[in-house]
Structures are given as structure tokens and as C-alpha cells.
1. What's the total number of residues in the stretch 17-31 that are within 22 Å of K82 (Cβ to Cβ) and surrounded by fewer than 18 Cβ atoms within 10 Å (Cβ to Cβ)?
2. For the list (1) hydrophobic (A, V, I, L, M, F, W, C); (2) outside any loop (DSSP other than H, G, I, E, B); (3) in contact (Cβ under 8 Å) with a residue 24 or more places away in the chain, I need the number of the one condition that M127 fails.
3. Out of the residues in the stretch 1-37 that are of a type in the set (V, I, T) and in a strand (DSSP E or B), which is nearest to the chain's Cα centre (by Cα)?
4. On the given criteria, is I122 in a loop (DSSP other than H, G, I, E, B), surrounded by 19 or more Cβ atoms within 10 Å (Cβ to Cβ) and of a type outside the set (G, A, S)?
Amino acid sequence: MSKIKYKVPAGVELEILDDTAYRKNRQDSAFYTYGDSSTVAIITYGDRELRVLCLGEMRLVYGGRTIYCVDDLISAGITSDKKLGKVSEEEGEWVNNSWFEIYDVDLGDTDFNVYHEARDAINTALMDIMQEREDVYA
């Protein structure tokens, strides 16, 4: 299994709370859906904190069963993004799907942008923190 290495600038801290975020083959939000919202990563710089959240409910009808969380996915044999991508071809039906958003602790709200892969949300949060860091030193 190949792992993702995140580029974290000096002074910035990245805490991955769900080790799946390191897996290149499980970046879709479905692999981070445990029933309710979950925090995937925390990015801090000084007193600023951003959190990558997996939000929304998942409901996938596939192979005669209804899948609600990552454990259901795995037990149905859907163990990678590639296999998840084939679900629609194999007559699976998405009813609800989860997504990622970046939560700014200071603002008390998300950025209202939807990210479909963990690495995209984490890298965007890192870029946001880096931009603030550059603004401070400019």
C-alpha cells in the first residue's frame, strides 16, 4: 500500500485523526463515513485551527443490501476508490453521499466548499494556513 505524504510547512502542525487519509487507494469520503460527522485532520498554525470534516449521510444500495458506513462498504467487498467507482456500473444506486468540508474554529463554520477526496481537503486546508502564514510575514 502506497502512502500519501503531506507537505507541511515549518511552524504548521498537521494531525491526522483517521489513518485512512494516508492511503492513496481510499480517498473518497465514503471511506470516512462512520454514521455521523467525523474529524479527519486538524491543521494548526499559532492559534488558528482548521479541521477537515467528513459530513453527510451515506446510503448506497448495492448487491441487495443498503450501505450506510465504511464498515458496510468493506463487508460488501468495496475496499478501494477504484472498486467504489465501479459500483454504479454494477447497478449500485447512490441515494445519499458524504463529503468533506474545512471547518475554521475561529469562525465557527465551514468554508462551504465541498471536497470529494480527503487529500484535496487536507491540502486545501494546508494551503489556507500557509497563505495566512505568508500574510503574517509579508
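1. Summing the residues that are within 22 Å of K82 (Cβ to Cβ) and surrounded by fewer than 18 Cβ atoms within 10 Å (Cβ to Cβ) in the stretch 17-31 gives 5.
2. Here M127 meets the rest and fails (3).
3. So the residue we want is I16.
4. no
Read-outs: derived from the displayed coordinates by stated rules, not from any lab. Worth saying up front: this structure is predicted, and the values here are computed from it rather than measured. Cβ atoms come from the backbone with ideal geometry, glycine included; neighbour counts cover every protein chain shown.
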